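The values are calculated or read from the model by the stated rules, or taken from the named source; none is laboratory data. Every value quoted in this text rests on a predicted model; they were computed, and no experiment measured them. Here Cβ is always computed from backbone atoms with ideal geometry, including for glycine, and neighbour counts include all displayed protein chains. With ligands, DNA and RNA removed, areas are computed over all heavy atoms of the protein, side chains included. Shrake-Rupley method; radii C 1.70, N 1.55, O 1.52, S 1.80 Å.
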Amino acid sequence: MALSGLQIQKLLPQTNCKECGSNTCLAFAMKLAAKKADISACPYASDEAQKVLGLANEPPVKSVVLGPDKGLIAGGETVLYRHDKTFVNRTIIAININDTDDKAKIDNTLACIRDYVLDRVGETLTIDMVAVTQLSPDAKAFKELVRNAWQITGKPLILRGKNADAIQEAASYIKGSHSILCAPDDETAAILVPVVKEQEHAIAFTAPDMDSLIELVSKHRENGFHNLLLQLETHSLSEHLQANTIARRSAIKDNFKPMGYPFVHFIDTGNLMDDTTAAITDITKYGSICVLPGYDASQLATLLTLRLNIYTDPQKPIQVEPKVYAIGEPTPDSPVFVTTNFSLTYFIVSGEIENSGISAWLVVPECEGMSVLTAWAAGKFSAGTISKFIKEINLEGRINTRRIVIPGYVSQISGELEDSLPGWRVMVGPEEASDLEGFIKSYIAV
Ligand code: SF4
């Protein structure tokens, strides 16, 4: 339960010594309540205060740390809607392989998972995890497959099957990977919990209905075990969405602890479009780990791009560094373009210039990550700011070109920009970046 500033103040020493950087304990308490400070900044806080405030500051959905470098985090969410603040840890995307699959297919899938890279707006996106499902009675082959999946991809695994002994043994092959073992029932959960504790893996609990799942989780929570995830057994997409929403709402709005864990969802509808729809539902509505039934590059591109959009902080526009960028191998006589430092705008414009086959300079002034029209309306992309930036980076001392192309949406600044950049000619480019290639071929590369 979140504490108010006044409640927190009562837990502080109340000496107003200022060592935390605030003038009074009350001011520091207000910052703690707003989550703008950490209790560790007060050297005199009692153990009791640290414990209470530490618990109060815990996210309502616990974080589970995965991967050999512990760099992958599931859960840790604090809000129900992205616009309330931000979603924190991106839905983890995993690809499933079955031990009954053809060996050539498995080898190919593992190589694809290892090599898959998608570049989007300056971010390198990859597949996060591999799930290995045991369908065959051959426990030895399952263990070998687990070992291979780990050695080939180096990614943390999700082990799933009905044979607890086989999962237990396979888990020892991948110690240090901080993977997930799925327990299909209470009995298996009882066997696997000591294993995950010893080998530093996490466990995914499941049960036939939500009440049974709550009972199972509560039992292990009482024993102080928290390194767990939840699998909700559902039979349709609508039921899954409803269950995910009820569980997440109870964790965040009602602080209902047994539902405050990340969710894992294995998708396998038998239809690529339906699988994609289910994965989109997970990414947008509370899926922490989404396991796809197989490798499909086009499906991954769609899902990873969507995930990138959902898991950006809506309060912080994604932006690139303000500077002049070399597109291709420009010379001092290459053409000059200007756009804003909103990442999406920069990558689209630079991509279109590159596609046209010319080399050029792309001037990107500081626009606080806004797109062209928004930045112009906010006074961040005006004749004055552009000319000031060009002078600050000494562009005139670095290149001979005195012709600059501005986005068509800000054609109204062309006259003023020419006045503030004596000797320069301002060309009005197209409104849409997609028309840049044609514009360059008609007016620049002639
Ligand atoms: Fe109060 Fe601690 Fe800050 Fe001192 S350091 S003013 S005791 S909160």
Of the residues in the range 22-34 that are part of a loop (DSSP other than H, G, I, E, B) and within 8 Å of the ligand (Cβ to nearest atom), the one that is surrounded by the fewest Cβ atoms within 10 Å (Cβ to Cβ) is Asn23
Complete set of residues in the range 49-98 that are open to solvent by less than 60 Å² (accessible area, probe 1.4 Å), of a type in the set (D, E, K, R) and out of contact with any Gly (no Cβ under 6 Å at 6 or more places or on another chain): Glu77
Among the residues of the range 11-21, which ones are within 12 Å of Ala33 (Cβ to Cβ) and either more than 9 Å from the ligand (Cβ to nearest atom) or surrounded by fewer than 12 Cβ atoms within 10 Å (Cβ to Cβ) (or both)? Leu11
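Return yes or no: is Leu118 outside the structural domain of Ile348 (by TED's automatic domain parsing) and crowded, with 17+ Cβ neighbours inside 10 Å?
no
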Identify, by number, the condition in (1) outside any loop (DSSP other than H, G, I, E, B); (2) more than 16 Å from Thr312 (Cβ to Cβ); (3) touching a residue at least 24 places away in the same chain (Cβ under 8 Å) that Lys51 doesn't meet. (3)
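Residue-wise test of (1) without any contact (Cβ under 8 Å) to a residue 40 or more places away in the chain; (2) small (Gly, Ala, Ser).
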{"residue": "Ser212", "(1), (2)": "yes, yes"}
{"residue": "Lys219", "(1), (2)": "yes, no"}
{"residue": "Glu233", "(1), (2)": "yes, no"}
{"residue": "Ala247", "(1), (2)": "yes, yes"}
{"residue": "Ala251", "(1), (2)": "no, yes"}
{"residue": "Phe256", "(1), (2)": "yes, no"}
{"residue": "Tyr261", "(1), (2)": "no, no"}
Answer with yes or no whether Ala37 is within 12 Å of the ligand (Cβ to nearest atom), modelled with pLDDT under 90, surrounded by 15 or more Cβ atoms within 10 Å (Cβ to Cβ) and in a loop (DSSP other than H, G, I, E, B). yes
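How many residues are in a helix (DSSP H, G or I) and free of Cβ contacts under 8 Å to residues at least 12 places away in the same chain if we restrict to the range 8-21?
Total meeting the criteria: 1.
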Residue ID - surrounded by the most Cβ atoms within 10 Å (Cβ to Cβ), chosen from residues in the range 200-230 that are touching a helix residue (DSSP H, G or I) at 6+ places or on another chain (Cβ under 8 Å) and polar (S, T, N, Q): Thr206
Being within 28 Å of Ser250 (Cβ to Cβ), touching a Pro at 6+ places or on another chain (Cβ under 8 Å) and assigned by TED's automatic domain parsing to the domain that holds Gly287 narrows Gly67, Gly76 down to just Gly76
Filter the range 330-348 down to the residues that are surrounded by fewer than 16 Cβ atoms within 10 Å (Cβ to Cβ) and polar (S, T, N, Q) and list them by number. Thr331
Just to be sure I understand the filter: pairs with C-beta atoms under 6 Å, separated by 6 or more residues or on different chains, first member in the range 98-112 and closer than 14 Å to Val146 by Cα, second member hydroxyl-bearing (Ser, Thr, Tyr) and at pLDDT below 95. Which pairs pass? Asp99/Ser136; Thr100/Ser136
From Lys162, Lys140, Lys197, grab the single residue that is in a loop (DSSP other than H, G, I, E, B) and open to solvent by 10 Å² or more (accessible area, probe 1.4 Å). Lys162
So which of Ile283, Ile327, Ile252, Ile318 ends up being over 21 Å from the mean Cα position of the chain (by Cα) and surrounded by 15 or more Cβ atoms within 10 Å (Cβ to Cβ)? Ile327
